[in-house]
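Some notes on the structure that comes next.
The values are calculated or read from the model by the stated rules, or taken from the named source; none is laboratory data. Everything numeric here is computed off the predicted structure, so don't read it as measured data. Because the Cβ atoms are built from the backbone with ideal geometry, glycine has one as well, and the counts that use them run over all protein chains shown.
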Amino acid sequence: MTELLALGEPADWVRRFLHLIPAGGTVLDLAAGRGRHARLLLDAGLGVIAADRDADRLANLSGHGRLQVIEADFETEDWPFAAGLFAGIVVVNYLHRPLFGHLTDALQDGGVLIYQTFAEGNEAHGRPKNPDFLLKPGELLASFAPALSVVAYEHGIIHRPRPAVVQRLCAVKSPAPQSLGDGA
């Protein structure tokens, strides 16, 4: 537990839905920062790809057999992951709307998206204040609900680790429906 404290506590939202990620799968921790969620995922027995534009921040996790660290700037570089690759994707405190479709595609059938980031109204509590980095009311739900089955969604004020206005979503990618043929 002391390692988690040094990295910062994982988001309660991630802890709450971690059990939904299929066992033995690989999870993308997008914009992994210092690795607080990567460590939680590794401790849960999952394989982790921790991706961040500054891989040096993840050095404290080096040497773990189920961890791959990728340095990438997802706002300027092409999306590097294949469709159907991940059993789960965790995104916390990061927003780049052009990635929404990639996140959905990168989940395998039964894969879980756990997403939490700042929303309009957060300006009253601190950074970010720029509307480009704040979700509009219902935006996270509207962006993922058509393609994923929503398990839970919230929009409101959280108090830990500091007061903030956030949107949070947990959703599962359902298998594509099978074609019934021409009915003949």
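Descriptive notes on the structure:
- Residue within the range 44-67 that is in contact with a Pro (Cβ under 7 Å, 6 or more places away or on another chain) and either under 24 Å from CYS170 (Cβ atoms) or assigned to a strand (DSSP E or B) (or both) present: no
- Among (1) farther than 24 Å from TYR153 by Cβ; (2) at pLDDT 95 or above - the single one SER62 does not satisfy: (2)
- Selection from the range 70-92 of residues that are in contact with a strand residue (DSSP E or B) (Cβ under 6 Å, 6 or more places away or on another chain) and in contact (Cβ under 8 Å) with a residue 24 or more places away in the chain: GLY84, PHE86, ALA87, GLY88, ILE89, VAL90, VAL91, VAL92
- Residue that is in a strand (DSSP E or B), crowded, with 20+ Cβ neighbours inside 10 Å and out of contact with any helix residue (DSSP H, G or I) (no Cβ under 6 Å at 6 or more places or on another chain), where the choices are ALA87, ALA152: ALA87
- For the range 75-97, a residue qualifies if it is among the hydroxyl-bearing types (Ser, Thr, Tyr) and under 24 Å from VAL165 (Cα atoms), and exactly one does: TYR94.
- For the range 31-45, a residue qualifies if it is of a type in the set (A, V, I, L, M), in contact with a helix residue (DSSP H, G or I) (Cβ under 8 Å, 6 or more places away or on another chain) and either over 15 Å from GLN68 (Cβ atoms) or at pLDDT below 95 (or both), and the qualifying residues are LEU40, ALA44.
- The numbered conditions (1) in contact (Cβ under 8 Å) with a residue 24 or more places away in the chain; (2) touching a His at 6+ places or on another chain (Cβ under 9 Å); (3) crowded, with 17+ Cβ neighbours inside 10 Å are all true for GLY33 except (2).
- Filter result (at pLDDT below 95 and more than 23 Å from ILE158 (Cα to Cα)) within the range 92-146: PRO146
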